[in-house]
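The values are calculated or read from the model by the stated rules, or taken from the named source; none is laboratory data. Model, not experiment: these values are computed from the prediction. Heads up, the Cβs are rebuilt from the backbone with ideal geometry, glycines too, and the neighbour counts pull from every protein chain shown.
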Amino acid sequence: MKQIKQSGMDINLGNKCSKKAYDWAKRTFINRKGKLGEPSIGVDGTFSNVLYFKDVRIGISSDGIGTKIELAERTGIYDTLGNDLVAMVADDLAANGFEPTNISNIIDVNFLDYAIIDQLMHGLHDAAGFANIAVTGGEIAELGDRIYGYGNKMHFNWCSTAIGILPDALGKPIDGSEIKPGDVIISLKSQGFRSNGFSLVRKIMQENFGDVWHQKKYNKEKTWGEVLLTTSLIYCSLISSLLSKGFQLKGIAHITGGGIADNLSRVLKATGSGAILNNIFEPEDFVLELQDIGKISEEQAYQIWNMGNGMLVIVTPEEADKIINIISESGYLGIIAGEIINQSQIIIKSKGINKKELIYKI
């Protein structure tokens, strides 16, 4: 898989390691069997897990923002990363129908910089407000030269865990088990790369523009560093709103690492269905330009980046138009991107620079 490794990351190996880690974790579920906090195995590969506390069903999800942190170090803009951190975990919860309620975070640093910590937490505060969640835990750990990055200011890693509650109206988490051929796939537009694929982004920029690539002008208003830092949209409140209005959301794929096919297949595996996506969103212009600069194939681009599509929501044909209207009224962009098919494959009519049909087996 030479193309996959071009970014310095081996997605197949990453998936294999994640599966092995989850296999070990799943063996611990027996420790809480019959007790409060008993986890459900559910459908392997969903985006979060459910814990049972009598009648209250709690979802839990953990993630970080990866090497997008380097964009903040290069630009000196730290107060937008909170959006990325919240989006990664809160939207994973939303993908299974949970309403996110609380988030805890860990910042590992080489040394402390009060002003940068203030900016990071200010951004987290604002993002939490948008997502209607409370920041109820956290730690800052000084790890010296175990943490490094770009420049001479404070370097850091930032990860979080979020929990949420399953609405009473849902009998069980949304896991794709009720999907059937003919159901409609709605795409929610993304802005930029969210928090995934930045190892490849940084490699392309370094090879083409040198060590200070972040200072190169993208247009009259912004540098490449600023445009690549474009913050993640947070979808969880929109999903919670749709569920509260009684719409049946049969499956939700949060498009992060692994791209559209890898994340959508996690939702479809419950029924063995497939999908055809012939009307997805186009990526932002700067995403297309980066694909062109880096000579990135359509296959690789759609396997590493979201390519303009941040979340896919599977609904009944009868409710699709109503849901599209609510999405628009909520300030997001949504389109009917395709439908579920009775084949174990995902067909994507791509919107990258080389526009072609991509076929993935599930």
> Of all the residues that make up segment 52-103, how many are small (Gly, Ala, Ser), surrounded by fewer than 21 Cβ atoms within 10 Å (Cβ to Cβ) and out of contact with any strand residue (DSSP E or B) (no Cβ under 8 Å at 6 or more places or on another chain)?
Replying inline: 2
> Do we find that Ile346 is among the β-branched types (Val, Ile, Thr), in a loop (DSSP other than H, G, I, E, B) and over 19 Å from Asp91 (Cβ atoms) in this structure?
Replying inline: no
> Out of the residues in segment 126-178 that are among the hydroxyl-bearing types (Ser, Thr, Tyr) and over 30 Å from Gly272 (Cα atoms), which is surrounded by the most Cβ atoms within 10 Å (Cβ to Cβ)?
Replying inline: Ser160
>> Looking at Asn96, Asn31 in this structure, which one is polar (S, T, N, Q) and touching a residue at least 60 places away in the same chain (Cβ under 8 Å)?
In response: Asn96
>> On the basis of being within 21 Å of Leu242 (Cβ to Cβ), part of a helix (DSSP H, G or I) and either free of Cβ contacts under 8 Å to residues at least 60 places away in the same chain or assigned by TED's automatic domain parsing to the domain that holds Glu207 (or both), does Val267 make the cut?
In response: yes
> Hey, among Ile335, Ile323, Ile346, Ile327, which residue is out of contact with any Phe, Trp or Tyr (no Cβ under 9 Å at 6 or more places or on another chain) and either surrounded by 15 or more Cβ atoms within 10 Å (Cβ to Cβ) or among the small types (Gly, Ala, Ser) (or both)?
Replying inline: Ile327
> Are any residues in segment 180-211 without any contact (Cβ under 8 Å) to a residue 12 or more places away in the chain and part of a loop (DSSP other than H, G, I, E, B), and if so, which ones?
Replying inline: Gly210, Asp211
> Given the residues Asp262, Asp285, which is the only one that is free of Cβ contacts under 8 Å to residues at least 60 places away in the same chain, of a type in the set (Asp, Glu), at negative phi and not assigned by TED's automatic domain parsing to the domain that holds Asp10?
Replying inline: Asp285
>> Filter segment 123-141 down to the residues that are in a helix (DSSP H, G or I) and either without any contact (Cβ under 8 Å) to a residue 24 or more places away in the chain or among the acidic types (Asp, Glu) (or both) and list them by number.
In response: Asp126, Gly129
>> I'm trying to understand the selection: among the residues of segment 90-122, which are over 22 Å from Leu143 (Cβ atoms) and in a helix (DSSP H, G or I)?
In response: Ala90, Asp91, Asp92, Leu93, Ala94, His122
